[in-house]
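The values are calculated or read from the model by the stated rules, or taken from the named source; none is laboratory data. For clarity, every value in this text was computed on a predicted model and none was experimentally measured. Positions of Cβ are backbone-derived with ideal geometry, glycine not excepted, and every protein chain shown enters the neighbour counts.
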Amino acid sequence: MTSTPDSSTPTSAETRPAARGAATAVLGRWWPALTAALAAALTVSGGGDGGGLVFLLFTLPVMYLAIAVLDRPWTSWLMVGAVTALYFLLEAAGVVAWPVVLGLGVVLVAVGLVRGPLRRPGVFALQIPALVVFGVAGLLALAMSAQAAVAVVALGLLAHATWDAVHWWTRKVISRSLAEWCMVYDTAVGAAILVILLIRSF
């Protein structure tokens, strides 16, 4: 006696499209967090570029300032590309990056105050003190010993992750996808660095 397949049980041919659809839905929703986690893992596993991580303390607030002054959240990822290109161009030219970036930040503050976006209350106005706080953290990291500088960078990244969360929650200044990406990356790298430092201290 032969049994016939139960028509109510999905076949493998039917489940494959459903699985692909579910995977696409997950990637469509969570791609910022997933790619940020991958980037963080590569950064930590590769030992991290100390200069590059310190450079983040200068560039992240300046990048957010630029997007706020433009008042165009859709330019967020374009600004990421521009900042990345700036970093590599300065490195290739042998130019010390942080004075250039901080100088750009000062110009952006002036433009933003004149044009008006940085005079708005809330997240827009807070871009200016954020530049000061993270800029000072970057300068401290440059002036400290290597191990102390790494600790400052880790704490700075964790603090910036909180700032990312504010942007993600308020849906202002930068795109939500960039806020989510930075929040995951900054948290993962900052926490991993602190764990590594604690392990090495024992």
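For the reader, a short list of remarks on this structure follows.
- Among the residues examined, V136 qualifies as loosely packed, with under 14 Cβ neighbours inside 10 Å and under 14 Å from P61 (Cα atoms).
- Index of the failed condition, A191 passing every other in (1) under 18 Å from V44 (Cα atoms); (2) modelled with pLDDT of 95 or more; (3) exposed (fewer than 15 other Cβ atoms within 10 Å of the Cβ): (3)
- So W98, is it in a helix (DSSP H, G or I), touching a residue at least 60 places away in the same chain (Cβ under 8 Å) and of a type outside the set (K, R): no
- Checked against the criterion of being within 30 Å of V44 (Cβ to Cβ) and in contact (Cβ under 8 Å) with a residue 60 or more places away in the chain, the candidates L155, L126, L131, L104 yield just one match: L131.
- Looking across the stretch 87-124 at every residue that is closer than 15 Å to L57 by Cα and aromatic (F, W, Y), the one that is modelled with the highest pLDDT is identified as W98.
- Q147 vs. criteria in contact with a helix residue (DSSP H, G or I) (Cβ under 9 Å, 6 or more places away or on another chain) and buried (at least 21 other Cβ atoms within 10 Å of the Cβ): no
- Selection within the stretch 127-185 - in contact with a Gly (Cβ under 9 Å, 6 or more places away or on another chain) and under 20 Å from W77 (Cα atoms): Q127, L131, L157, H160, A161, T170, K172
- Residue that is nearest to A68 (Cα to Cα) [pool: residues in the stretch 155-184 that are in contact with a Ser or Thr (Cβ under 8 Å, 6 or more places away or on another chain) and of a type in the set (S, T, Y)]: S175
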